[in-house]
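The block underneath contains the structure these notes are about, expressed in structure tokens.
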Amino acid sequence: MINIDQYVYANKLLAVHPAEKSFLALATMVACLISTSIYTPIIAMVLMAGLIIFKAGIPVKFFSHLMLLPITFLVIGELTIAFSISDQPGGFLYHFAVGGTLIGVTAQDLNKAALLFSRSLGAVSCLYFLALTTPMLEIISVLRRLKVPALFLELMSLIYRFIFILLDSAASIHTSQSSRLGYVTLKSSFRSTSQLFYALFIRSFQRSQAVATALEARCYQGEIRVLEKKFPRSMRNYVFVIVVEMTLVLFNLYLGGGKFFG
Amino acid sequence: MAETILEAEDIEYSYADGTKALRKVNMAVHRGEKIAVLGSNGAGKTTLFLHFNGILQPERGRVRFRGQDISYKGAKLMELRRKIGIVFQDPDSQLFSASVLQEVSFGPMNLGLSEAEVRRCVDKALQATETSDLIDRPTHMLSFGQKKRVSIADILAMEPEVIIFDEPTAWLDPRHAREFMQILDELSQQGKTIIISTHDVDLAYSWADKLFVMKQGQVLTEGKPEEVFCRQDVIRAADLNLPWLVETHFEFIRIGLLPPSSCLPRTKEELYESLDRVQRNIG
């Protein structure tokens, strides 16, 4: 997460209007999720990967590492969809027997699993595009324009700010515990961890009071109002997004179900 | 003498657990003065400061701003908080936003200014603290010194008349401390009234017009730096040290390098000069 945050502030699409980037990411995600063809999400993924690597300048290694993260979850989910249980061998492309029951894969299930796999990766790549090109606060400013309640947005931005301080505090407490052999044995690790959380809680509580005092000293009256960064709008980007989405939808219609198996 | 801008009269305050934080504190600050409040940790400096812009209300006594008792309600309180800004010790407890622009614009936005006005205040404050180039940087990627500057810009953007700095040089390295003192000098030249709390007796001695020494919620003594630091008993009672200039000066008199009548130097240059003079007279 911290790594993503570092890359996002250095990415080359930082100056592009956050609403345009959010629009592209969300519309493409919808196109992936409604797709009945396995090719559409793959095309979307290639497009997003291209934008992330070549346009935003995110290192290929880091991006591919990120893409591998959801694979584990995906594979487990896929297995449960692809394999089914039956007592008749008919319909199975491949099967084996455990006791009296047959476990195997059917063409229909395989197609379903393949479609789910490509949809998921397509949608994840869209989210990564947003996460790697648009800082949190700008996503929040887009949400503000979409009339999301101010309370949620204020909480989001405060949490985002204080996550880093929390992690810093946790790291320094951990270092000071380790330097006093707090994590040598399993037992002492458990004890140190519980003390770490206790200390963190106290610190967070104290800091939240200090922050409230400091806000009050600057005339806080129950609502956080601030200036937000202005971005130039580009009609070209909107046209680009619309063309991309229409192409994806047309692809989907033209290619139809696009079956791999059977 | 200039107008008394801020005044605490016999204020008393105790914390929820019953500890007395302030005991009959009196303090008068004149417009344009450079005030240093000295005292060890827990002497009540921060608690006193929180009374000056109405965050805390005294149990007894009163706080006056420009001769009038301060009001703890609505628009008047907001006006007071605009006129009296506090820069807190730990910038991580003051900076609430992950964006420098959002952070600095928070104060002026609360004053109900137009967007263009707010923008002007922010730009001016960032320029004064030399942080204009940080406007697009996220707060959590700034160095400690940069965060400190942004926390000062926070307050400057509200264009206060009195600025209170709580332990401003704590945790700053010598370079950043020096740059901070330059910002203080500039603010002082613009006619702002400045109050700092510190344990750094050398800084207080050379910089301040007037010192207050606090201990356990009381003001032990007040006066010009050279007067205050001549009262060694009080300085010791407040768990403070003597500034090296004062100590060296007295030591030089004791071993006969300087005549007993020579006046206390305010800067090291003044000390070297009087040594020089004595040497030349002998020669």
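Confirm whether B:Glu226 is free of Cβ contacts under 8 Å to residues at least 12 places away in the same chain and either part of a helix (DSSP H, G or I) or over 22 Å from the mean Cα position of the chain (by Cα) (or both).
Values: free of Cβ contacts under 8 Å to residues at least 12 places away in the same chain: no; either part of a helix (DSSP H, G or I) or over 22 Å from the mean Cα position of the chain (by Cα) (or both): yes.
Spelling it out, it is not the case that B:Glu226 is free of Cβ contacts under 8 Å to residues at least 12 places away in the same chain and either part of a helix (DSSP H, G or I) or over 22 Å from the mean Cα position of the chain (by Cα) (or both).
Go over the candidates A:Phe201, A:Phe190, A:Phe162 one by one and state the one that is crowded, with 19+ Cβ neighbours inside 10 Å, more than 30 Å from A:Glu78 (Cα to Cα) and not assigned by TED's automatic domain parsing to the domain that holds A:Val46. It would help to see each step written out before you state the result.
Numbers: A:Phe201 fails: crowded, with 19+ Cβ neighbours inside 10 Å; A:Phe190 fails: crowded, with 19+ Cβ neighbours inside 10 Å.
Going through A:Phe201, A:Phe190, A:Phe162 in turn, just one is crowded, with 19+ Cβ neighbours inside 10 Å, more than 30 Å from A:Glu78 (Cα to Cα) and not assigned by TED's automatic domain parsing to the domain that holds A:Val46: A:Phe162.
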Next on the checklist: Condition (residue is at positive phi, of a type outside the set (Val, Ile, Thr), surrounded by fewer than 15 Cβ atoms within 10 Å (Cβ to Cβ) and within 14 Å of another protein chain (Cβ to nearest Cβ)) applied to the stretch A:213-230: is it met by at least one residue?
Outcome noted: yes
Checklist entry - Residues in the stretch A:7-23: is at least one more than 23 Å from A:Ser120 (Cα to Cα), in contact with a strand residue (DSSP E or B) (Cβ under 8 Å, 6 or more places away or on another chain), modelled with pLDDT of 90 or more and assigned to a helix (DSSP H, G or I)? => result yes
Checklist entry - Do you know which residues across the stretch B:249-283 are surrounded by fewer than 16 Cβ atoms within 10 Å (Cβ to Cβ) and of a type in the set (Gly, Ala, Ser)? => result B:Gly256, B:Ser261, B:Gly283
Checklist outcome for this item: When A:Phe231 is run through (1) without any contact (Cβ under 8 Å) to a residue 40 or more places away in the chain; (2) of a type in the set (A, V, I, L, M, F, W, C); (3) outside any helix (DSSP H, G or I), the failure sits at (1)
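Rundown of residues vs (1) farther than 30 Å from A:Leu51 by Cβ; (2) assigned to a loop (DSSP other than H, G, I, E, B); (3) out of contact with any Leu (no Cβ under 9 Å at 6 or more places or on another chain), yes/no style:
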{"position": "A:Leu130", "(1), (2), (3)": "no, no, no"}
{"position": "A:Val142", "(1), (2), (3)": "no, no, yes"}
{"position": "A:Val211", "(1), (2), (3)": "yes, no, no"}
{"position": "A:Tyr220", "(1), (2), (3)": "yes, yes, yes"}
Item to check | Residues located in the stretch B:25-56, provided they are touching a helix residue (DSSP H, G or I) at 6+ places or on another chain (Cβ under 8 Å) and in a loop (DSSP other than H, G, I, E, B) | outcome: B:Gly32, B:Gly39, B:Asn53, B:Gly54, B:Ile55, B:Leu56
Checklist outcome for this item: From the option list A:Ile224, A:Ile242, single residue qualifying as more than 30 Å from B:Ile163 (Cα to Cα) and in contact with a helix residue (DSSP H, G or I) (Cβ under 9 Å, 6 or more places away or on another chain) is A:Ile242
Next on the checklist: Need pairs with beta-carbon distance below 7 Å; first residue over 7 Å from B:Ser93 (Cα atoms) and within the stretch A:204-215, second in a helix (DSSP H, G or I); sequence gap 6+ or separate chains.
Outcome noted: A:Ser204/A:Leu166; A:Ala214/B:Ser93; A:Ala214/B:Gln94
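Of all residues in the stretch A:230-243, which are of a type in the set (Lys, Arg) and farther than 18 Å from B:Ser114 by Cβ? I'd like the intermediate steps shown before the answer.
Residues of the stretch A:230-243 that are of a type in the set (Lys, Arg), as a first pass: A:230, A:233, A:236.
Selection gives A:Arg233, A:Arg236.
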Checklist outcome for this item: Exactly one of B:Lys83, B:Lys124 is under 21 Å from the mean Cα position of the chain (by Cα) and closer than 21 Å to B:Phe165 by Cβ, and that one is B:Lys83
Next on the checklist: Can you name every one of the helices (runs of 4 or more DSSP H) wholly within the stretch B:57-171 that holds 1 or more residues which are touching a residue at least 60 places away in the same chain (Cβ under 8 Å) and within 11 Å of chain A (Cβ to nearest Cβ)?
Outcome noted: B:74-83, B:91-94, B:144-156
Checklist entry - Regarding A:Tyr238, is this residue assigned to a helix (DSSP H, G or I), touching a residue at least 12 places away in the same chain (Cβ under 8 Å) and surrounded by fewer than 16 Cβ atoms within 10 Å (Cβ to Cβ)? => result yes
Checklist entry - Does A:Arg207 satisfy the criteria of being of a type in the set (D, E, K, R), within 14 Å of chain B (Cβ to nearest Cβ), assigned to a helix (DSSP H, G or I) and under 30 Å from B:Pro160 (Cα atoms)? => result yes
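Just wondering, is there one or more residues in the stretch B:14-32 that are within 14 Å of chain A (Cβ to nearest Cβ), farther than 26 Å from B:Gly191 by Cα and surrounded by 18 or more Cβ atoms within 10 Å (Cβ to Cβ)? Don't jump to the end; show me each part of the working.
Initially, the stretch B:14-32 is screened for residues within 14 Å of chain A (Cβ to nearest Cβ), giving B:15-16.
Now drop any that are not farther than 26 Å from B:Gly191 by Cα, which leaves B:15-16.
Next, only the ones that are surrounded by 18 or more Cβ atoms within 10 Å (Cβ to Cβ) stay: none.
No: the stretch B:14-32 contains no residue that is within 14 Å of chain A (Cβ to nearest Cβ), farther than 26 Å from B:Gly191 by Cα and surrounded by 18 or more Cβ atoms within 10 Å (Cβ to Cβ).
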Item to check | Which listed residue, of A:Ser192, A:Ser176, is outside any loop (DSSP other than H, G, I, E, B), touching a Gly at 6+ places or on another chain (Cβ under 6 Å), more than 14 Å from chain B (Cβ to nearest Cβ) and more than 27 Å from B:Leu156 (Cβ to Cβ) | outcome: A:Ser192
Next on the checklist: So for the stretch A:31-42 (the condition being away from chain B (no Cβ under 14 Å), of a type outside the set (Phe, Trp, Tyr), under 26 Å from A:Met235 (Cβ atoms) and free of Cβ contacts under 8 Å to residues at least 60 places away in the same chain), does at least one residue qualify?
Outcome noted: no
Checklist entry - Looking at the stretch B:102-131, which of its residues are surrounded by fewer than 18 Cβ atoms within 10 Å (Cβ to Cβ) and small (Gly, Ala, Ser)? => result B:Gly112, B:Ser114, B:Ala116
Item to check | Residue check, A:Ile202 within 12 Å of chain B (Cβ to nearest Cβ) and not polar (S, T, N, Q) | outcome: no
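The values are calculated or read from the model by the stated rules, or taken from the named source; none is laboratory data. As the structure is a prediction and not an experimental result, all values here were calculated from the model. As a convention, Cβ positions derive from the backbone with ideal geometry for all residues, glycine included, and neighbour counts pool all protein chains shown.
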